[in-house]
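The values are calculated or read from the model by the stated rules, or taken from the named source; none is laboratory data. Note that this is a predicted model, so its numbers are computed, not measured. With ideal geometry, Cβ positions are generated from the backbone for all residues, glycine too; neighbour counts draw on all protein chains shown.
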Amino acid sequence: MKDYMLQEKMPDYAISRQEVLELVRENDPSFRKSQMKRLLAYMIATSKIEHVGRNKYRRSIGIVNMTQYENRYSEMALHIISIMKENFPMVEYRIWELSWLNEFINHQIGCNYIFLEVEKEGCEFVFEKIRNEFEGKVLLKPDQNQILRYGSNDSIIIDRLISESPKGRKEPYNLAIEKLIVDLFANKRLREMISPGDYPAALENIFSLYEVDQVKLFRYARRRNKEIELREYLKTKTQVELKVG
C-alpha cells in the first residue's frame, strides 16, 4: 500500500488525524478523507507511525508491541472489585468495561457497560449480592433485546466465565488483551455492540499498540472454537503479522 511519504513527514510529537490528512495531501492533493482510516491502520500495523491516544499520532520511535495492556477501571468497577474481594475471595472472575474499546475503534461507544464474568458455581450468588448493591443496574445473562430494553449507562452485565479464559497480567480478574481479541469473535453480545466495519482497524491498532501473546491468543481461540475464523480474518482482513503457526 502506498504510504505517501507519511513516515518521513510525521513529527516525533503527537499530531491530530486532521493534521495527518494535511501531510498526506502535500504529497497527493486528491487524497480523500475517507481513505484515512485504512492508511492509518496500515501505517500503524507496519510500525511506521504510532497511535498514542484518541485522535493522536506520531512517527514511530521504534518500540513495537512491548507495552502491556492495562485495565483502567471506573469508580463503579473498582467498587465491584472491592465487593468481590470481600465477599467472594475464592471465586474466579474477570471484569472489564465496554468503553475501553473506544481506544481502538472508529465509531465511538457512547454507553458504557461493565461486564462481570463469573465462574459457573458462583454466578448466581454474585448476582444476588451485586444486585442488592446496585439496584436497577444489574442484568444476569441478558440477550441483546433485554440489554436494549433494560440497559443504561454503566449497567452491570453478569455472565458465566468461560473456563480457561486468560488471566490478567497484574491481577487475575483483569481483562487480558488476548481474551478481548477472541471475544470480539466469540462473544455474541459484543459482536452485536461493535460495528463489523471497525474490526480490521481495531485489530491492527491492538497488535500495534500492545504486546499480544499469540500462543495464549490462539489457545483461547481454540477453546472458543474460533481459531480458524480468527486466523483467517487476521490474514485476509488485516496487516497483522501472525507469528504462531
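Taking the criterion of being part of a helix (DSSP H, G or I), touching a Lys or Arg at 6+ places or on another chain (Cβ under 8 Å) and either of a type in the set (S, T, N, Q) or closer than 28 Å to SER195 by Cβ (or both), the residues of the stretch 102-134 that qualify are ASN102, GLU103.
Selection of the stretch 211-238 for residues being closer than 21 Å to TYR57 by Cα and surrounded by fewer than 19 Cβ atoms within 10 Å (Cβ to Cβ) yields only GLU211. Taking the listed residues ASN132, ASN87, the one that is touching a helix residue (DSSP H, G or I) at 6+ places or on another chain (Cβ under 7 Å), modelled with pLDDT of 95 or more, assigned by TED's automatic domain parsing to the domain that holds ALA221 and over 28 Å from LEU209 (Cβ atoms) is ASN87, with no other qualifying. Scanning the stretch 22-49 for residues that are under 26 Å from the mean Cα position of the chain (by Cα), farther than 18 Å from PHE207 by Cβ and surrounded by 17 or more Cβ atoms within 10 Å (Cβ to Cβ) returns no hits.
Pairs meeting the criteria (first residue in the stretch 110-125 and over 18 Å from GLN144 (Cβ atoms), second residue hydroxyl-bearing (Ser, Thr, Tyr) and in a strand (DSSP E or B), beta carbons under 6 Å, at least 6 apart or on different chains) are VAL118/TYR93.
Residue-by-condition table, conditions (1) in contact (Cβ under 8 Å) with a residue 60 or more places away in the chain; (2) in a helix (DSSP H, G or I):
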site: ILE158; (1), (2): no, no
site: ARG169; (1), (2): yes, no
site: LYS179; (1), (2): yes, yes
site: LEU184; (1), (2): no, yes
site: GLU192; (1), (2): no, yes
site: SER208; (1), (2): yes, yes
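Only residues that are loosely packed, with under 12 Cβ neighbours inside 10 Å, touching a residue at least 12 places away in the same chain (Cβ under 8 Å) and under 17 Å from HIS51 (Cα atoms) were counted across the stretch 1-15, and they come to 3. In the stretch 5-23, the residue that is modelled with the lowest pLDDT out of those that are over 16 Å from ALA45 (Cβ atoms) and not in a helix (DSSP H, G or I) is ASP12. Residue count for the stretch 122-164 satisfying the condition of being more than 18 Å from ARG191 (Cα to Cα) and β-branched (Val, Ile, Thr): 3. Checked across the stretch 97-105, the condition of being aromatic (Phe, Trp, Tyr), touching a residue at least 60 places away in the same chain (Cβ under 8 Å) and under 30 Å from GLN35 (Cβ atoms) holds for at least one residue.
Only one of the numbered conditions (1) surrounded by 18 or more Cβ atoms within 10 Å (Cβ to Cβ); (2) out of contact with any Phe, Trp or Tyr (no Cβ under 9 Å at 6 or more places or on another chain) is violated by GLU171, and that is (1).
The condition of being more than 18 Å from TYR69 (Cβ to Cβ), touching a Pro at 6+ places or on another chain (Cβ under 8 Å), in contact (Cβ under 8 Å) with a residue 24 or more places away in the chain and not hydroxyl-bearing (Ser, Thr, Tyr) does not hold for LYS226. For the stretch 24-49, the set of residues classified as in contact with a Phe, Trp or Tyr (Cβ under 9 Å, 6 or more places away or on another chain), within 24 Å of THR238 (Cβ to Cβ) and outside any loop (DSSP other than H, G, I, E, B) consists of VAL24, LEU39, LEU40, MET43, ILE44, ALA45, ILE49, listed by residue number.
Checking the stated criteria, GLU178 turns out to be among the acidic types (Asp, Glu), within 15 Å of the chain's Cα centre (by Cα) and buried (at least 18 other Cβ atoms within 10 Å of the Cβ).
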